[in-house]
Amino acid sequence: MTGAAPSGVAGGVARTALLVAAARAIETHRVDALASDPYAEHFVRAEPACADWPLRPWQVPDGEADPLWGRLGRYFGLRTRVVDDFLLAAARSGVRQLVLLGAGLDSRAYRLPWPDGLTVFEIDRRPVLTFKERVLAGLPPSAPAAEPRAARRALAADLTGDNWATALTDAGLDPALPTAWLAEGLLLYLPAAAERRLIDTVDRLSAPGSALLYEIKLVESARVRSGAVYAHTLGRTGIDLLALFADGPRPDSAGDLAARGWAPTVHTPFAFTRRHGRGPRPEPDDALAGNRWVVAHRPRR
């Protein structure tokens, strides 16, 4: 595959999807991999600006001690596993609608073992979806075939606005049926007002039995923000995460969901490191210490 990726993927928040894809590629080839994504490396290889990024563990000189491709990369690998488990559990419970909000270069529609009758809705900006579909259509013969294992419906929409809900229902989402919602690495970049609108929309479109997983970040000290993870990410990939994170006080979305009848639980990533026996562990002045994964369920009546 040759040619530059559209600017909507090569720059801005969308570029973080390439960062996550590289981390998933590295994770896939670890001997103790937490998750496997055979498509991830092909997204990175399709973007010339990422030509020097590692895609295998042995290409990371300091291993898991490397602040970017080791520590932050392992975080993304752990998050991938947690999300995979969440969505598969929802499917096992009978949910047949999955909505990936800010889907980025997510390949779960292609790589996870979905039951019959399940639909995956992917929402993102058009350049991201176009890039993903171009890469998957041009995979080399050595790669697994990119055949969705569920019905896949890709919707181009701006999640900072309020028109995506109509696009979603027009595409076939049935609000009368349970839905599993995912906002993986999305809310960190949304303005507070957009987060409130998103949570309100998810609540409005969710029948009893629905579930939601999203990620937030607590306020960090200046010492943490000047640490190695952010500095290495900027210096080695050109991605200034601190500039991309939304400013200002964040909503208490977990509290809002609880007030609406949901049952949210808040987790640190390190709880899953302990559960799986591998993954990032706490460090002083830790850029991962403020990350939280919120899982909320709307009880069945």
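The values are calculated or read from the model by the stated rules, or taken from the named source; none is laboratory data. Keep in mind that what you see is a predicted model, and the values were worked out from it rather than measured. Note: ideal-geometry Cβ built from the backbone for every residue, glycine included; neighbour counts use all protein chains shown.
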Looking at region 154-185, which of the residues that are surrounded by fewer than 18 Cβ atoms within 10 Å (Cβ to Cβ) and among the charged types (D, E, K, R) is nearest to the chain's Cα centre (by Cα)? Asp158
Within region 79-118, residues surrounded by 24 or more Cβ atoms within 10 Å (Cβ to Cβ), in contact with an Asp or Glu (Cβ under 9 Å, 6 or more places away or on another chain) and assigned to a helix (DSSP H, G or I) come out as Arg79, Thr80, Arg108, Ala109
Reported set for region 165-221 where residues are under 29 Å from Asp285 (Cα atoms), part of a loop (DSSP other than H, G, I, E, B) and either of a type in the set (A, V, I, L, M) or out of contact with any Lys or Arg (no Cβ under 9 Å at 6 or more places or on another chain) (or both) is Leu186, Leu190, Pro191, Leu218, Val219, Glu220, Ser221
Only one of Ala46, Ala40 is of a type in the set (A, V, I, L, M), under 30 Å from Thr119 (Cβ atoms) and either touching an Asp or Glu at 6+ places or on another chain (Cβ under 9 Å) or without any contact (Cβ under 8 Å) to a residue 24 or more places away in the chain (or both), namely Ala40
If I filter region 193-206 for residues that are of a type in the set (A, V, I, L, M, F, W, C), under 18 Å from Ala254 (Cβ atoms) and touching a helix residue (DSSP H, G or I) at 6+ places or on another chain (Cβ under 8 Å), do I get at least one hit? yes
When you scan region 81-93, do you find a residue that is in contact with a helix residue (DSSP H, G or I) (Cβ under 9 Å, 6 or more places away or on another chain), among the hydrophobic types (A, V, I, L, M, F, W, C), closer than 24 Å to Thr233 by Cβ and free of Cβ contacts under 8 Å to residues at least 60 places away in the same chain, even just one? no
Screening Leu188, Leu198, Leu213 for residues that are over 28 Å from Arg300 (Cα atoms), within 18 Å of the chain's Cα centre (by Cα) and not acidic (Asp, Glu) leaves only Leu188
If I filter region 283-301 for residues that are closer than 25 Å to Asp124 by Cα, assigned to a helix (DSSP H, G or I) and modelled with pLDDT of 95 or more, do I get at least one hit? no
When every residue in region 251-263 that is surrounded by 13 or more Cβ atoms within 10 Å (Cβ to Cβ) and without any contact (Cβ under 8 Å) to a residue 60 or more places away in the chain is compared, the one nearest to His297 (Cα to Cα) is Trp262
Could you list all residues from region 203-224 that are buried (at least 17 other Cβ atoms within 10 Å of the Cβ) and without any contact (Cβ under 8 Å) to a residue 24 or more places away in the chain? none
